[in-house]
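Written out below as structure tokens is the structure these notes cover.
The values are calculated or read from the model by the stated rules, or taken from the named source; none is laboratory data. Fair warning: this is a prediction, and the values are worked out from it, not measured in the lab. Methodologically, a virtual Cβ is constructed for each residue, glycine included, from the backbone with ideal geometry; neighbour enumeration extends over all protein chains shown. Accessible surface is based on the protein model in full, side chains and every heavy atom, while ligands, DNA and RNA are left aside. Shrake-Rupley method; radii C 1.70, N 1.55, O 1.52, S 1.80 Å.
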Amino acid sequence: MLANPYVISLMTIVLLFTFLGQSWNLMLGIGGQLSIGHALFVGLGAYSVGVLYVKYGISPWVGLLTGMILAGSVGASIAWLSFRFQVRGIYFALLTIAAAEFARIMFSGWEFVGAMQGLFFPAPTGGIEISMLRGDTRFYYFVALALAALGIIGTEFISRSYLGYVWRAMRDDESAARALGVRTFQHKILVISISAATAAAGGGVLALVQGSIFPDSIMGMGLSVDVLIGPVVGGLGTTFGPLVGSLAAIPLNHLMSALGDSLRIPGLNNITYGVVLISVVWFLPDGIWPAIVRLCKAIQAPPTAWLWQSRKVEE
Amino acid sequence: MTTLLEVENLSRSFGGLVAVKDVSFSLRAGRITALIGPNGAGKTTCFNLVAGALKPTSGRVLFEGRQIDNSPPETVCRMGIARTFQIVRPMREMSVLENAMIGAFSWTRNVSEARSKAYESLESVGLAAKAHARADQLTLPDRKMLETAKALSTRPKLLLLDEVMAGLRPTEAAGIVDVLQRLAEGGLTILLVEHVMRIVMEVASRVVVLHHGAKIAEGPPEEVVADPKVLESYLGAGFHA
Ligand SMILES: Nc1ncnc2c1ncn2[C@@H]1O[C@H](COP(=O)(O)OP(=O)(O)OP(=O)(O)O)[C@@H](O)[C@H]1O
Ligand SMILES: [Mg+2]
């Protein structure tokens, strides 16, 4: 299967969005903070890698690190400002969109970063260069695979640490958590900056994979939505939800857009997306992954699922 | 005996309504004090003021001699005051055990340490057998006990209990009374809001009575129940025995 370049590229995107979904999922599914402007952080990561590499020839590793620090700080600042002034819940979510749109418009007019014309990475030479994170499609497939695996391990690790517990407590009832000594102000800033930094790492790799960066696609509302489809469809707050959701949604989207092209029905992919989202929310309100776990339990065949099932209820 | 908590001329109003009016009392370490009064007397508001959930309109709250009425709830908790919520607030999507673990994270970051403290707290309120149920599957009396267990996990010096025994069968309530007495012998100070006078008489060494936000009586339980002002306030609102 990995011989087919189309399948490889598709799986690379699935795995990258798994990772981005995990970053978003950490923030909402565990930390209880809704972002609908995650494209901001993805874009900051992409531009950090792009600008440093294309303009100065600096290794994308440095770009990734820079992007993570930048996005983490921007995330922390947005969080600090909004919670300092009691902007919460849905208003905080609106603020994340506003920030992302502001950044998109700013980058669209900023000549130094290519403005609307975008930034282009030099065409790959064919060889694999780990120090410059450059290689062919197979190479990026394995980079994306490593990133997704890291995301799963990281999510499990955080989830089982004290941070996972206090974040879930804060998600379920902020006042009750505070009464039990949880410093929710700090923890909200922490979870948001970790989520922002990991989204930036995903964005940096996404830029390398795509070979170009345009403000409208990397920082647009569409990307913010693409980031959250995986975890919402797969199962909010679960470790495997983003993977399962991305595996289900992204190939379907590609298939439908190909079908739409050949049938000359523009936007068929978007319509299908909408229908799938609505059906999942309707029939499996907690997502596909928890449903799989329930099914496995029902037929008494615990696969690896028992090991990795939803972290919502421990033990 | 040392004074653990001092409430000085505490008032709090909501718009035009004065929910707590110039209330003063102090709590001695290691004692159980009951805060009683008819519905709407201002008991829960008093708890919220002490626990940092509400800021007083005027007056002060001192804990171990330090002024705490400007501190947020998480700081007050970390100083050693734990409270339960009259309208219970379980973390719904978490297990009973996980709920009880949260309080322990105020003094440790070690998950297994928090887990064993949580078990201990659940055991003391008789919930250990339901440790792995989801918190929102518990009955209301059990949820009240979970509130108590969550608060105990913070290792408080002062425990504020807001009607946690409501809905318990008399034998169960007697069990909890036992637990509270043992905790007090161990040095814990408890301020208890309780409507069942039989429990108040049995467990409290002192009683503070609120009515329309003001303190109308304070003293040992036998004296307080004989006080005509107290009887009148209760009879007016329907006596709970
Ligand atoms: N957040 C609030 N906003 C407005 N009014 C409030 C608020 N909290 C309490 N009150 C009012 O303050 C008064 C005292 O309420 P409080 O809950 O403290 O009484 P209580 O003694 O705990 O009563 P109960 O026995 O019914 O629990 C009531 O009249 C109540 O309606
Ligand atoms: Mg009350």
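Pull out the extension gain between residue A:262 and residue A:149, defined as 0.36 nm times the separation in residues minus the alpha carbon to alpha carbon distance; nm, one decimal. So the extension gain works out to 37.1 nm. Spacing of the modelled spin labels on residue A:120 and residue B:9, each 7 Å from Cα toward Cβ, amounts to 7.7 nm.
Within chain B, which is the longest segment containing none of the trypsin sites (Lys or Arg not before Pro) that sit in a DSSP loop and have at most 15 other Cβ atoms within 10 Å? Please report the intermediate quantities before stating the final value.
Values: sites that count: B:92, B:109.
That would be B:110-241.
Against chain B, whose longest principal axis is taken from its Cα atoms, helix B:111-124 shows a tilt of about 50°.
R0 = 45 Å: FRET efficiency of residue A:132 with residue B:87, Cβ-based, nearest 0.05? Don't skip to the answer; put the middle values down first.
Details: r = 59 Å, r/R0 = 1.31.
Result of the calculation: an efficiency of 0.15.
If the segment from residue A:294 to residue A:58 were pulled out straight at 0.36 nm per residue, it would be longer than the present Cα-Cα gap by 80.1 nm. The string of couplings for region B:146-157 from the Karplus curve (6.51, -1.76, 1.60, θ = phi - 60°) is 5, 4, 5, 4, 4, 5, 5, 5, 6, 6, x, 8 Hz, one whole number per residue in order, with x for Gly and Pro. Interface B-A: total buried accessible area of about 2400 Å², 1.4 Å probe, protein heavy atoms only. Given the options B:40, B:65, B:16, state which has the largest fluctuation in a GNM of chain B using a 10 Å cut-off (strictly under) for Cα springs. Top of the fluctuation ranking is B:16. Couplings 3J(HN,Hα) of region B:103-109, computed from phi: x, 5, 6, 6, 10, 9, 10 Hz, in residue order, whole Hz [Karplus 6.51 cos²θ - 1.76 cosθ + 1.60, θ = phi - 60°; x for Gly and Pro].
Carbon and sulfur: what percent of the protein assembly as shown's accessible surface (1.4 Å probe)?
Working: 14970 of 23800 Å².
Carbon and sulfur: 63 percent of the exposed surface of the protein assembly as shown.
The label-point distance for residue B:136 and residue B:2, in a model that sets each label 7 Å from Cα toward Cβ, rounds to 4.3 nm.
Near the amide H of residue B:20, within less than 5 Å, lie the amide hydrogens of B:12, all on another chain or at least 5 residues away, with H placed in the peptide plane. The modelled label-to-label distance for the pair residue B:31/residue B:123, using points 7 Å beyond Cα in the direction of Cβ, is 3.2 nm.
Over chain B, what lengths in whole Å, largest first, do the semi-axes of the equivalent ellipsoid take, defined as the square roots of 5 times the eigenvalues of the alpha-carbon gyration tensor? Numbers along the way, then the final one.
Values: eigenvalues 159, 85, 54 Å².
After scaling each eigenvalue by five and taking roots: 28, 21, 16 Å.
Residues whose amide H falls under 5 Å from that of residue B:35, counting only those 5 or more places apart or on a different chain, are B:192, B:193, B:194, B:208, with hydrogens built in the peptide plane.
When the Gaussian network model of chain A links Cα atoms closer than 10 Å, the mean-square fluctuations of A:96, A:18, A:272 top out at A:272.
Accessible area per residue (1.4 Å probe, heavy atoms of protein chains only) ranks B:136, B:162 as B:136, B:162, with the largest value leading.
Using a probe radius of 1.4 Å on heavy atoms only, what accessible surface per residue do you get for chain A? Whole Å² is fine.
On the way: 13830 Å² over 315 residues.
About 44 Å² of surface per residue is accessible.
A 28 angstrom limit on the alpha carbon distance is what I want to check against. Which of A:188/B:150; B:157/B:215; B:150/B:229; A:188/B:21 exceed it? Walk me through the intermediate numbers first.
On the way: A:188/B:150 22 Å; B:157/B:215 24 Å; B:150/B:229 36 Å; A:188/B:21 36 Å.
In this structure, B:150/B:229; A:188/B:21 lie more than 28 Å apart at Cα.
Comparing A:28, A:133, A:236 in a Gaussian network model of chain A where C-alpha atoms under 10 Å apart are linked, the largest mean-square fluctuation is found at A:133. Residues of region B:63-79 buried by at least 50 Å² of accessible area upon assembly of all protein chains, compared with the chain on its own (1.4 Å probe): B:74, B:78. P(r) tail for region B:87-155: Cα pairs beyond 19 Å make up 18% of the total. A viscosity of 1.567 mPa s and a temperature of 4 °C, combined with the Kirkwood radius over Cα pairs in Stokes-Einstein, give a translational diffusion coefficient for the protein assembly as shown of 50 µm²/s.
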